[in-house]
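Notes follow the structure.
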Amino acid sequence: MISPTEIAPGWDKARADLGWDLLLAQLASRCHTARGSDGARALPLLDDVTAIRARLDEVSEAKALHDAGSPMAFGGVVELEPSLGRAEKGGHLEGTELREIGATLAAGAGLRRLLSARSTLAPRLAGRAARIVELAGVSGPIEDSFDDAGRLVDHASPALGGLRRRAAALHEELARRARGLLEDPAIEPHLQDRFYTQREERYVVPVRADARSRVKGIVHGTSGSGQTVFVEPEEIVDLNNRLKLAELEVADEERRILGELTLLVKDALPAIRGNLDVLTALDLLDAAARLSIDLAGRSPEIAEPSDEGGARIDLRNLRHPLMVLAGTRVVPNDVLLERGGTLVISGPNAGGKTVALKATGLLALMARAGLHVPAQEGSSLPIFDPVLTDIGDDQSLERNLSTFSAHVENLKRFLALASPSALVLLDEVAVGTDPAEGAALAQAVLEALADRGATVIVTTHYDRLKALAARGEGGRFRNASVGFDLEQLAPTYQLHLGVPGASGAIVVARRLGLPAPIAARASALGGSASQGLEELLRAVDVERRRLAAEVAALAEQRAALERELRRVERLSVEAEARLRDARQAAHDEAVAALQKARGELDRTRRGLRNADEKAVVEARREIDRAAKEVHSRAPVQAAPAGRPLDPDELGPGVEVLVPRLAGRGLVLAAPRDGKVAVQMGSLKLTVEVAELLAPDKAAPRGPKPRIARVQGDLERAVASMAPGSGVAPSAVRTTSNTCDLRGERVDAALAIAEKFVDDALRRNEEVVFFVHGHGTGALRSALRERLSESPGIASVRPGGPAEGGDGVTMATLA
């Protein structure tokens with residue numbers, strides 16, 4: 001483990017350049033305890049892959065507890081070190097301090113029990129919490145000795161209750177005697193007022209100052225005006241003395257009890273401090289989990305230094321954590337770079353080059369500290385040590401350093417420290433001097449860093465560096481650029497790997513309000529060669545964005561078709577299962593009806609043997625009634641609503657009704673000889689054209705299907721049902737309309753959800769709720785996508801604040 005002060009020279013600059021202290025302040029603000037907050041601000045970087053992975057796993061477990069609705073609880077845990085230090089030195093602790101110690105010990109024991117009960121979900125955390133010593137022999141006596149107001153209870157010791165009752169009795173006796181003195185003829189005429197009070201914890205009466213000598217006793221003070229003298233009459237001096245002694249005995253006993261409790265704490269100091277260390281570590285892990293939730297973070301994979309091909313920066317959809325926490329709109333980007341490679345990022349000013357640079361460095365530090373990173377699942381990072389940064393202007397009048405001189409000083413240090421384990425981040429390398437010489441110097445420095453095996457990310461406007469990366473240089477250098485929308489004249493903040501970018505200084509200046517004549521003059525002065533390169537790079541960027549849009553559209557179409565194929569196959573299987581169930585149920589009901597009819601017929605035959613004509617008629621009636629009963633059990637086919645079809649209307653893809661099968665189908669080919677091929681689910685059949693009907697447009701059908709033609713494996717599939725646009729009504733969650741999917745894998749959860757929707761439709765539920773938690777978001781996304789495609793669902797939305805928030809999905813049934 002490495003503390004921040006032990007890291008290689010340049011760490012203070014790196015943590016300032018990357019905003020590391022700002023991130024740690026965010027982590028500290030999510031801690032529950034002062035010790036945890038202090039630990040967060042001094043969070044060390046880990047230097048061992050195993051230790052980093054273990055820390056990441058613990059953060060994942062703490063996050064899983066949040067998703068399960070049972071996060072670690074730290075209520076009652078307070079800072080104890082000042083009290084423990086005083087107890088260690090032999091001082092007596094006050095009741096408030098002892099109660100804080102007791103509450104903290106009880107909270108630790110409670111957290112240990114909670115994590116023990118959730119050891120399946122959080123085994124590493126349960127293992128940490130198992131080191132908490134419950135110390136019931138300390139917390140129990142402390143808890144038993146105080147009431148809710150923090151006062152020692154009478155049974156805190158065998159003697160305390162009796163001593164308090166004796167003092168209370170003396171108080172009552174003194175009060176009674178004092179009231180009697182107010183009526184005493186020798187005292188009453190000299191009183192300023194008819195009441196008694198206490199001065200210096202002794203009972204006194206108010207006597208007029210001019211009558212002081214008329215009342216014998218001890219003076220304990222005067223009023224602010226000097227008109228009243230508070231006298232302890234000699235009649236109650238002895239009783240006051242006895243009360244004072246009784247109160248001293250009570251105070252001595254209370255001090256003795258506090259001393260005994262303090263001694264219990266002193267004897268358990270090592271265990272108490274050990275408990276506090278465990279609680280601090282757990283608090284820090286819970287804060288890291290809460291930070292991960294706020295960042296939508298993921299646990300990165302940590303590459304071993306010896307990994308071949310795998311020890312590289314592979315960050316997918318990374319976002320700058322401080323920008324995310326600030327609520328700033330962030331464009332996710334990919335950063336891919338082999339260990340020991342150099343990534344040259346170019347493009348317009350204010351386009352996001354420095355943001356990508358800083359985000360990569362900050363995520364490298366987060367991974368070293370065992371924190372989740374705001375990137376896609378599966379992103380990976382090696383261990384970098386040191387992380388060296390030259391970002392911003394280090395000009396210093398005190399040190400007689402110009403901007404260029406300061407950059408050169410940093411580069412000298414980086415070259416001395418560069419190694420295969422180093423990450424070097426350079427923002428606008430070698431600027432502040434002649435551009436041609438600066439570009440040459442920059443190339444020489446990058447080549448030297450690459451020769452030393454360092455991993456480098458550099459932002460630049462130098463064409464020489466763009467060309468260096470374009471040539472490849474043995475795969476060590478790679479281009480990247482931030483995009484610029486020429487139509488909107490605005491940066492896209494999207495990082496594109498593999499291509500250099502135009503700086504577009506004149507275009508950006510014009511966008512920022514530079515007068516058009518000056519911009520035009522600058523373009524003319526720029527020369528045809530440089531302008532031609534800029535135009536070429538912009539043309540390449542336009543073509544790249546066009547191709548990227550086409551690829552994205554094709555990918556979306558393919559994904560939609562694959563989803564539709566899966567849905568159609570699932571619906572086919574479900575329909576076949578329901579058909580089998582319906583046939584079996586109809587068969588069972590028909591058999592039952594026939595058995596009943598057979599019994600009726602048997603009874604009728606027996607009755608006909610000696611029957612007269614009337615009996616025969618009655619028997620026939622009974623037979624007719626039995627026959628009607630059998631007929632009534634036959635399945636009723638609801639006639640579909642539709643109109644007759646003209647053969648000219650029929651063609652591939654046309655939807656038709658097949659009344660004798662009570663269902664809808666799709667025409668597969670044009671009619672021939674008065675017949676047409678129709679696809680109904682998995683069933684293909686040939687039907688007379690005269691049998692078919694056109695669907696009634698007014699008939700209630702739910703969402704309207706779209707028909708799509710699919711090549712290859714998908715010859716024909718019904719495209720996804722468009723979800724309804726209505727807003728789900730406000731509803732109350734109940735056990736009957738809520739399905740808990742937490743802890744389930746995605747495939748299993750989707751199957752459970754589909755069955756739950758079917759059951760809810762049969763129960764005529766209006767809405768259903770699915771509880772899935774936050775987690776990685778994979779289950780939430782897959783569930784909402786599947787529900788949106790379901791024909792039984794009218795609308796889908798996240799849960800409201802009172803319904804569980806984004807950890808819950810609500811669906812309105814069609």
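The values are calculated or read from the model by the stated rules, or taken from the named source; none is laboratory data. Keep in mind that what you see is a predicted model, and the values were worked out from it rather than measured. Accessible surface is based on the protein model in full, side chains and every heavy atom, while ligands, DNA and RNA are left aside. Shrake-Rupley method; radii C 1.70, N 1.55, O 1.52, S 1.80 Å.
Computed with a 1.4 Å probe over protein heavy atoms only, the accessible area of Ser157 comes to about 10 Å².
Arg797 sits with roughly 60 Å² accessible to a 1.4 Å probe, with DNA, RNA and ligands left out of the calculation. Under 5 Å from the amide H of Thr492 lie the amide H atoms of Gly483, Phe484, Asp485, each residue being 5 or more positions distant or on a separate chain, with H modelled from the backbone and absent for Pro and chain starts. Placing Val676, Val573 in order of accessible area, with the largest value first and a 1.4 Å probe, yields Val573, Val676. Within the accessible area of the range 421-466, the carbon and sulfur atoms contribute 52%, probe 1.4 Å, all protein chains present.
Taking a ≥ b ≥ c as the square roots of the eigenvalues of the Cα gyration tensor, the range 34-77 is classed as oblate, since a/c reaches at least 1.5 and a/b does not exceed b/c. Computed from backbone phi with θ = phi - 60° and the Karplus coefficients 6.51, -1.76 and 1.60, the 3J(HN,Hα) list for the range 366-376 is 4, 4, 4, 8, x, 9, 5, 10, x, 8, 5 Hz; x is used for glycine and proline.
When the solvent-accessible area of the range 52-204 is split by element, carbon and sulfur atoms take up 50 percent of it, the probe being 1.4 Å. Taking all protein chains as shown and a probe of 1.4 angstrom, Arg452 keeps an accessible surface of around 100 Å². A 1.4 Å probe run over the range 173-230, with the rest of the protein chains in place, finds 58 Å² accessible per residue. Rolling a 1.4 Å probe across the protein heavy atoms gives the range 56-99 an accessible surface of 42 Å² per residue.
Legend: residues Ile793, Ile518, sorted from most to least accessible area (1.4 Å probe; ligands, DNA and RNA excluded), read Ile518, Ile793.
Ranked from largest to smallest solvent-accessible area, with a 1.4 Å probe on the protein heavy atoms, Glu232, Glu249 come out as Glu249, Glu232.
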